[in-house]
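The values are calculated or read from the model by the stated rules, or taken from the named source; none is laboratory data. Just so it is clear, the structure is predicted and the values come from calculations on it, not from any experiment. Cβ sites come from the backbone with ideal geometry, for glycine too, and all protein chains shown count toward neighbours.
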Amino acid sequence: MKPLILILALAAILTVLAGCADKQNITVPNLAPQTYVALADSVRNPTVYIQTLNWWGDDRDGEVVGFEYRWSSEPEMPGCGLPAEWTFTEETSKVFHLPVTNSIGTHSLEVRAMDNEGAVDETPATLSLPVTNNPPVVRIYDRGALPDDRGALPDTTFPALRIRWVGDDPEGDETILRYKLWLDGPEENAKILSPVNTTISLVPADFEDRFGTRTLNLVAIDSGCDTSAVVTYTWYVKETTGDLLLVDDITSTHAGNAKSDKFYAEALGSCSCVAVYSELALERYGGSVTYPHNFPELVKMFETVIWYSDPLRPATESLEQMDNIYPSYVQSGGNFLVISLGAIGTDGALTDSVGFEVFGIDGLYRRNGSSDFDCKRWIIYPNAGIGLDTLKVSGLYSGVECMRPAAQATALFHVPPGVAAADTVDYYLGVLSSYGEGKAGLLTFPMSRSDSYGNAQNEFCKVIDLILQ
């Protein structure tokens with residue numbers, strides 16, 4: 001009896017094992033996931049070109065591990081950021097900036113879910129979006145066109161210029177993606193600037209040795225690839241002449257402006273040490289609007305800069321623009337001569353601490369609690385040891401700075417003791433100093449108004465000769 005029971009038990013076990021083997025050979029195909037897509041709940045305007053889209057998926061026999069999406073657009077706009085090929089993402093929401101030209105565009109999104117076995121939805125979810133966009137607007141700061149625009153861009157410059165602009169977009173200024181700027185010529189050579197850059201400094205290389213009438217073109221491009229109308233600025237670019245730049249920084253409204261301009265032009269023309277030179281009249285080429293002048297690049301084109309704003313006090317804002325430029329310019333081998341009652345000291349255009357170091361000044365004399373006093377028909381005495389001669393000021397000019405030359409500086413002109421009240425010291429009105437590889441000179445009296453002896457032009461040439469030696 002026992003053997004029979006054992007045989008039956010063994011048969012039962014084999015039957016069970018055979019059944020298990022049959023189950024292991026049974027395969028069930030993986031079911032593809034399903035996909036759904038919709039506008040985000042926060043979207044209030046389904047036609048705006050900036051859209052937040054949501055999608056999700058469902059997999060009955062596994063899990064969704066990601067999605068693939070692609071766009072088709074009408075018209076097609078290559079380079080505008082919409083992938084036309086399937087693109088994988090694990091995100092379930094994304095903000096799209098849909099390209100629009102001529103105010104309207106139609107875009108279709110396809111999304112398909114992918115499951116843990118790599119299967120994708122064979123019937124992707126689709127969403128068609130006709131959207132609109134208002135193009136941006138860009139304006140160059142020029143001729144009072146903007147609320148904080150203080151004047152006109154110059155009609156003539158050297159090949160070193162700064163341009164400022166402002167961009168606006170009806171969908172929000174933050175949607176401006178970039179600016180494109182180019183000089184007359186192929187647009188393919190345009191500079192592409194980020195939206196935070198609304199100023200560009202053009203350097204001589206940008207002009208490619210092409211002078212005369214030039215036109216700058218500028219457009220704004222928003223995140224929908226819509227482009228503003230082209231705005232332009234046309235002006236005359238003149239070529240530099242010689243290695244010396246004469247900067248006229250006296251405004252036409254100042255009394256005697258023509259006399260000063262005539263003096264320096266004629267004086268330089270008579271100097272044997274100066275063959276040819278270039279002139280920059282700041283008011284005529286920009287006026288009080290200092291931003292057009294790319295001074296860092298401008299001064300690099302010259303070995304010597306002579307800047308006069310005498311007898312203006314305080315000096316114009318233009319000289320202030322040189323405060324962070326002239327020390328490195330002189331140190332690297334440039335020569336810088338300033339003739340101004342308002343260069344340093346009270347309300348000075350240049351920082352005293354830097355000015356003292358570069359020009360070789362130990363300090364300013366103070367009288368009655370002030371660092372300046374009037375210059376009234378003074379006789380100005382020279383440093384005869386370096387060949388200079390006596391001058392005499394004609395007229396009354398307030399705010400003359402009197403300097404104490406440092407040990408390494410060379411005194412140029414002074415007035416003797418007793419001129420101002422009971423003071424017993426010399427008042428130095430001109431110094432010259434070597435700084436690095438170059439020279440820096442400062443005259444704090446109106447040289448153009450110091451010709452009572454008829455020798456001011458000749459003495460001016462002597463100072464220039466000392467600078468150039």
Only one of 325, 339, 379 is of a type in the set (A, V, I, L, M) and closer than 20 Å to residue 466 by Cβ, namely 339
Given the conditions (1) touching a residue at least 40 places away in the same chain (Cβ under 8 Å); (2) touching a Leu at 6+ places or on another chain (Cβ under 9 Å), every one holds for residue 211 apart from (2)
For the stretch 377-396, which positions are crowded, with 21+ Cβ neighbours inside 10 Å and either β-branched (Val, Ile, Thr) or under 39 Å from the mean Cα position of the chain (by Cα) (or both)? 380, 393
Considering residues of the stretch 151-202 that are among the hydroxyl-bearing types (Ser, Thr, Tyr) and part of a loop (DSSP other than H, G, I, E, B) only, the residue surrounded by the fewest Cβ atoms within 10 Å (Cβ to Cβ): 194
Suppose we filter 283, 297, 266 for residues that are free of Cβ contacts under 8 Å to residues at least 60 places away in the same chain and surrounded by fewer than 23 Cβ atoms within 10 Å (Cβ to Cβ); which single one remains? 283
Being surrounded by fewer than 19 Cβ atoms within 10 Å (Cβ to Cβ) and among the small types (Gly, Ala, Ser) is the filter here, so list the residues in the stretch 203-262 that pass it. 205, 212, 229, 242, 252, 255, 256, 258
Tell me the residue from 393, 431 that is modelled with pLDDT of 85 or more, in contact with a Gly (Cβ under 7 Å, 6 or more places away or on another chain) and either within 28 Å of residue 263 (Cα to Cα) or not polar (S, T, N, Q) (or both), please. 431
Looking only at the stretch 107-125, and only at residues there that are of a type in the set (Val, Ile, Thr) and out of contact with any Ser or Thr (no Cβ under 7 Å at 6 or more places or on another chain), the one that is surrounded by the most Cβ atoms within 10 Å (Cβ to Cβ): 120
Residue count for the stretch 303-326, restricted to those that are surrounded by fewer than 21 Cβ atoms within 10 Å (Cβ to Cβ) and either of a type outside the set (S, T, N, Q) or outside the structural domain of residue 277 (by TED's automatic domain parsing) (or both): 6
For the structure I just gave you, tell me whether residue 364 is at pLDDT below 90, in the same structural domain as residue 454 (by TED's automatic domain parsing) and among the aliphatic types (A, V, I, L, M). yes
Out of 29, 46, which single residue is more than 23 Å from residue 228 (Cα to Cα), at pLDDT below 95, out of contact with any helix residue (DSSP H, G or I) (no Cβ under 7 Å at 6 or more places or on another chain) and not assigned by TED's automatic domain parsing to the domain that holds residue 127? 29
Residue count, the stretch 32-43, condition closer than 18 Å to residue 107 by Cα and either of a type outside the set (Phe, Trp, Tyr) or modelled with pLDDT under 85 (or both), comes to 5
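This table checks each residue for (1) of a type outside the set (Val, Ile, Thr); (2) assigned by TED's automatic domain parsing to the domain that holds residue 337; (3) under 30 Å from residue 168 (Cβ atoms).
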site: 213; (1), (2), (3): no, no, yes
site: 228; (1), (2), (3): yes, no, yes
site: 248; (1), (2), (3): yes, yes, no
site: 255; (1), (2), (3): yes, yes, no
site: 265; (1), (2), (3): yes, yes, no
site: 275; (1), (2), (3): yes, yes, no
